[in-house]
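Report on the following structure.
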Amino acid sequence: MDTTVLISTIASCTDYGKVFNDNIHGHIMLHPLCVKFIDTPEFQRLRNIKQLGTTYLVYPCASINRFEHSIGVCYLAGKMIEALCQNSGEDINVTKEEKLCVELAGLCHDLGHGPLSHSWERYLKASGVDWKHEEGSTEMLKYIIQKYDFEKELKKYGLNVEYHVELICEFIRGEGKLLVENHFLYQVVSNKDNGIDVDKWDYFLRDGNCLNLSISFDYKRLMQFSRVVVDPNSNSPKQVIAFRNKEARNIYDMFRVRSDLHLRAYQHTAVQNTELMMVDMLLKAENYFTVQISSGNKFGLNEAHTNIEAMSRLTDHILYDIQYSHDPNLEEAKSLLNRLHTRHLYKFIGSYNLIFINKEIYNKSIDVENLKQNLKNELQKQFGIEFGVTATWLNCGYPLINPLEKVLFFKKPLSHNDSIILDNTPYQNIYPMNELEFFKRDINVFSKVLKLEDSQLKEIDLACNSFLNNFRP
């Protein structure tokens, strides 16, 4: 078959072979090559990595895993490509190989996650390591291909190991140089331009379902009213995804749902408390808990990301390994785990909203990590006890910018023969985003000492207010 054939002519290809019964999208069918990747131990490990980290310690049903989310994103990626091809007609040309690469990017975009998902990245940051799971995902993808000799499988479906594997990696990152003109393909799984992508659509629905939170936006409508246009803001020809202007409210609802999930679940103060304790536990265990690979080499917890085989052996199971370990060096870590399980959390001191306390800080782009560390140091200096400081920091993908500014909209054509006309209406003004809801800036303070007198709590509260009121970047 000619590899340049349009997707619209092959959408009914009988080679699409395996059906999965998904609780969010129903019965979905995935490409045989995607199934090959799914049926590897490295992909199956995602069954044992909590999607929402320590959120399940606060929301009992938030126990979904990266495995089912990855399958959902793979499915939506394929559906999005089909919708764009159908809606854009001859304005675009997507080969079946490119579509498969987008689907594989959706499937493999979270392969690199460590135990407890994003909590692992925060642990590594606390350990002085700057690392993102996307790096691990592209490494793990290449590791699977090499380990299981998938080159033949790739060639079977027209994929070149050098070119197409790198293209998949670019789609995972959401940026690259291999298909500059077809930039819209980079926007499907990880949209760096405005944050509207199938990764978010799946986890909004999936997370909202397990958290029992209502999800109001309709991704199927967005697909139905999407198409590809030439970006008028680009110096060189570049095709990007645009939406019908009547979908501006739907997109606004999408970002409102994102904000709601962050406020009510992901960045809930109790969730931040449990994550803070989990990070402290891992820091206490990192010098004594190791991961051994087939060669016999061992890697500490904060080193495992440097070796992809070691990383492939890390899942949430390490929490049980630490909990039931007889190594006396892990006693402090085990003690913190026990506090988590028995609900003896750090003492919550207070949440301090920068909009009300220090608007000057709020309006500036500041280093929040530096702010948290400075406050923590000041409190420990004043009171001689350990504190934990976290931040509820919402951005909608951009610091203090309404993401609708970044979305291209088009008007309804008067006839099928009319060219597409972009709508320059400033929808960010029609649907403004409230600061307290969409761009919340809270600093949350916890004492690692549980028993504090009321007078001490008041003094600490005053010290927090004073520091934040007088802080200047």
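The values are calculated or read from the model by the stated rules, or taken from the named source; none is laboratory data. These numbers were taken from a predicted model, which means no experiment stands behind them. Because the Cβ atoms are built from the backbone with ideal geometry, glycine has one as well, and the counts that use them run over all protein chains shown. The accessibility values were calculated without ligands, DNA or RNA, using every heavy atom of the protein model including side chains. Shrake-Rupley method; radii C 1.70, N 1.55, O 1.52, S 1.80 Å.
Being open to solvent by less than 20 Å² (accessible area, probe 1.4 Å) and closer than 20 Å to ASN395 by Cβ holds for only one residue in SER259, SER226, and it is SER259.
Select from the stretch 261-320 the residues that are in contact with a helix residue (DSSP H, G or I) (Cβ under 7 Å, 6 or more places away or on another chain) and among the acidic types (Asp, Glu) and list them in ascending order. Within the stretch 261-320, GLU275, ASP280, ASP316 meet the criteria. The single condition from (1) crowded, with 18+ Cβ neighbours inside 10 Å; (2) out of contact with any Asp or Glu (no Cβ under 6 Å at 6 or more places or on another chain); (3) part of a helix (DSSP H, G or I); (4) of a type outside the set (Val, Ile, Thr) that LEU314 fails is (3). Among the residues making up the stretch 114-134, those that are surrounded by 15 or more Cβ atoms within 10 Å (Cβ to Cβ) and either in contact with a strand residue (DSSP E or B) (Cβ under 7 Å, 6 or more places away or on another chain) or among the charged types (D, E, K, R) (or both) are LEU116, SER117, GLU121, ARG122, GLU134. Candidates in the stretch 346-382 are the residues that are within 17 Å of VAL449 (Cβ to Cβ) and out of contact with any Phe, Trp or Tyr (no Cβ under 8 Å at 6 or more places or on another chain); of these, the one that is surrounded by the most Cβ atoms within 10 Å (Cβ to Cβ) is GLY350.
I'd like to check something: does the stretch 167-181 contain any residue that is surrounded by fewer than 20 Cβ atoms within 10 Å (Cβ to Cβ), in contact with a strand residue (DSSP E or B) (Cβ under 7 Å, 6 or more places away or on another chain) and touching a residue at least 12 places away in the same chain (Cβ under 8 Å)? So far as the stretch 167-181 goes, yes, one or more of its residues are surrounded by fewer than 20 Cβ atoms within 10 Å (Cβ to Cβ), in contact with a strand residue (DSSP E or B) (Cβ under 7 Å, 6 or more places away or on another chain) and touching a residue at least 12 places away in the same chain (Cβ under 8 Å).
Filtered by the rule that a residue be open to solvent by 60 Å² or more (accessible area, probe 1.4 Å) and under 30 Å from ALA265 (Cα atoms), the stretch 384-441 gives GLU386, PRO399, LEU400, GLU405, LYS406, ASN429, ILE430, PRO432, ASN434, GLU435, LEU436, GLU437.
Pairs meeting the criteria (first residue in the stretch 329-348 and in a helix (DSSP H, G or I) and at pLDDT 95 or above, second residue open to solvent by 70 Å² or more (accessible area, probe 1.4 Å) and aromatic (Phe, Trp, Tyr), beta carbons under 7 Å, at least 6 apart or on different chains) are ASN329/TYR288; LEU330/TYR288. Name the residue that is surrounded by the most Cβ atoms within 10 Å (Cβ to Cβ), counting only residues in the stretch 62-97 that are among the hydroxyl-bearing types (Ser, Thr, Tyr) and in contact with a helix residue (DSSP H, G or I) (Cβ under 7 Å, 6 or more places away or on another chain). It comes out as SER70.
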